[in-house]
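Only one structure is covered here, and it is reproduced in the block below.
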Amino acid sequence: MRSSELQLNIISPEKRLFSGAVSSVIIPGIAGSFGVHPDHAPLISPLKEGVITYSVRGNDKTLDVKGGIAEVNNGVVTICVV
């Protein structure tokens, strides 16, 4: 993984929905959507219903979610969704 990338893991109670390197991710936090880029500060945030958007090699991908929780730590973004 390059220093310009993040490791993104999106999981649900049933299965892993995505795992791979991304250049950015936009997450629907309960206080508003927020973007995560390499070297982002650590955080934990509950999610509201919305869309997660992430960029893989310049291609934007989306995933509709009803809620969940996100953690950002040391270049790894883990999102547990429902």
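For the range 26-71, the candidate set comprises residues that are assigned to a strand (DSSP E or B), of a type in the set (A, V, I, L, M) and touching a Leu at 6+ places or on another chain (Cβ under 8 Å); within that set, the residue that is farthest from Glu14 (Cα to Cα) is Val36.
Taking Leu17 as the residue in question, decide whether it is crowded, with 17+ Cβ neighbours inside 10 Å and under 14 Å from Thr62 (Cβ atoms). No; evaluated as a whole, the condition is false for this residue. Take the conditions (1) touching a Lys or Arg at 6+ places or on another chain (Cβ under 6 Å); (2) modelled with pLDDT under 95; Asp39 misses just one of them, which is (1).
For Phe18, the stated conditions do not hold, so it cannot be described as among the aromatic types (Phe, Trp, Tyr) and touching a Ser or Thr at 6+ places or on another chain (Cβ under 9 Å).
The values are calculated or read from the model by the stated rules, or taken from the named source; none is laboratory data. Just so you know, these numbers come straight off a predicted model, no measurement behind them. Counting neighbours? That spans all protein chains shown, and the Cβs are built from the backbone with ideal geometry, glycine included.
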